[in-house]
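Just so it is clear, none of the values below were taken in a lab; they were calculated from the coordinates. Keep in mind that this is a model prediction, so the values were computed, not measured. Cβ: placed from backbone, ideal geometry, glycine included. Neighbour counts: every protein chain shown.
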Ligand SMILES: Cc1ncc(COP(=O)(O)O)c(C=O)c1O
């Protein structure tokens, strides 16, 4: 049987990983500045994470949400404490799309309304409503098309205000990434998020902070929306939450009340996923990883800004992007195949850096040095070979 061929693959097979490094089947070591798509928060195969999952597996891996699962409550408490949202409620699921799907559905249940406001260049996942709220027509199937989602320009306060003046009473939710990831590392202005907060309060609709990629400490705060000093009504989370173990969740403000049957899932909140997620939070706390991400991010950004050739360096914490001019468009491949460094991308010309929050200063320097060399090499294609010849 063939695999359903939906991913353009790099011809690399990773067989081992530790911290910020991965190794292929030939033992070649790669620096992971991509974090397996912003997923690796505490570092690959962190020993505490491995042990927590192993210990849990020996006890019980899964039972359904029809019984009490104490580790869910432990996770909720730790999450409340570290995120500072102690009075919120936690609903657990398995992925980012599912988190957004549940958040949007809950907002509609809560308000009794249908309209969703989303923004240009947004990405919220591939399930039906999440993909309908994603600004990429090519991944929206005909059955997912809906007039209930309205796209407004990102960071355009005037357009947002105008829309609410006309249709505010119909809006169930506004969904927004604090820092757009797939869209190319675009930071939501603080005043934009503050306006969303104000309008959602005024019109009794739900502010959904999609924190699937920009959350969980990656930005240097637990939620990137925290920079704006606002509280969203629902935060959606996944990626860094399990450090690679599939787990997602939504944090729900206290005024949104639960009711039996409102939301549900078979696998969400299972014992193993909770053990992984709890271990992640324990490591984030013990190793002070949110502050580390902030410091390391500032260090990287300052150094990146000093490199002439790359443009428009932006980001927060360890969620960084920069534009790659046409003249060095092969940079990403050069980094991967000649310097053994994984980076992320956003079409058409953005390199995204989404490493583990535990990236060390030495690893940051290793990346910067390789980046400078790779830029020189793609500018002058034969330079690397020449340098190697001279060194021989
Ligand atoms: C902001 C954002 N929301 C939602 C998702 C969807 O998450 P998942 O792929 O886990 O369904 C992603 C994935 O990249 C994302 O970046």
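Structure remark: mean-square fluctuation, Gaussian network model of the chain, C-alpha springs under 10 Å; the largest value among 376, 107, 209 belongs to 376. With q set to 0.29 Å⁻¹, the log10 of I(q)/I(0) for the range 34-73, from the Debye formula over equal scatterers at the Cα positions, is -0.96.
Among beta bridges from DSSP that stay inside the range 47-286, the antiparallel ones total about 40%.
Distances between every pair of Cα atoms in the chain, grouped in 10 Å steps from 0 to the bin holding the largest one, split as 5, 23, 31, 25, 12, 3, 1, 0 percent. Modelled label positions at residue 298 and residue 329, each set 7 Å beyond Cα in the direction of Cβ, lie 3.7 nm from each other. In percent, rounded to a whole number, the relative contact order of the range 288-359 is 31, using alpha-carbon pairs under 8 Å and six or more apart. When only Cα pairs below 8 angstrom with a gap of at least 6 residues are kept, the chain shows a relative contact order of 22 percent.
Its relative contact order, with pairs defined as Cα atoms under 8 Å and 6+ residues apart, puts the range 80-183 at 32 percent. Taking label points 7 Å from Cα along the Cα-to-Cβ direction, residue 51 and residue 137 give a separation of 5.5 nm. Applying D = kT/(6 pi eta Rh) to the range 33-150, where Rh is the Kirkwood radius over alpha-carbon pairs, T corresponds to 37 °C and eta to 0.692 mPa s, the Stokes-Einstein value obtained is 189 µm²/s.
Spin-label model, residue 64/residue 151: points 7 Å from Cα along the beta carbon direction are separated by 4.0 nm. For the range 15-57, the Kirkwood estimate of the hydrodynamic radius, built from every pair of different alpha carbons, is 11.1 Å. For residue 13 and residue 105, the FRET efficiency from 1/(1 + (r/R0)^6), where r spans their Cβ atoms and R0 equals 45 Å, is about 0.70.
Applying 1/(1 + (r/R0)^6) with R0 = 45 Å to the Cβ-Cβ distance of residue 73 and residue 120 gives a FRET efficiency near 0.70. Counting only the Cα atoms, the range 204-354 fills a convex hull of 164 Å³ per residue. Looking at the range 277-330, what % of the alpha carbon pairs are farther apart than 17 Å? For the range 277-330, the fraction of Cα-Cα distances above 17 Å is 49 percent.
Dividing the Cα radius of gyration of the range 138-204 by its Kirkwood radius returns 0.99 for Rg/Rh.
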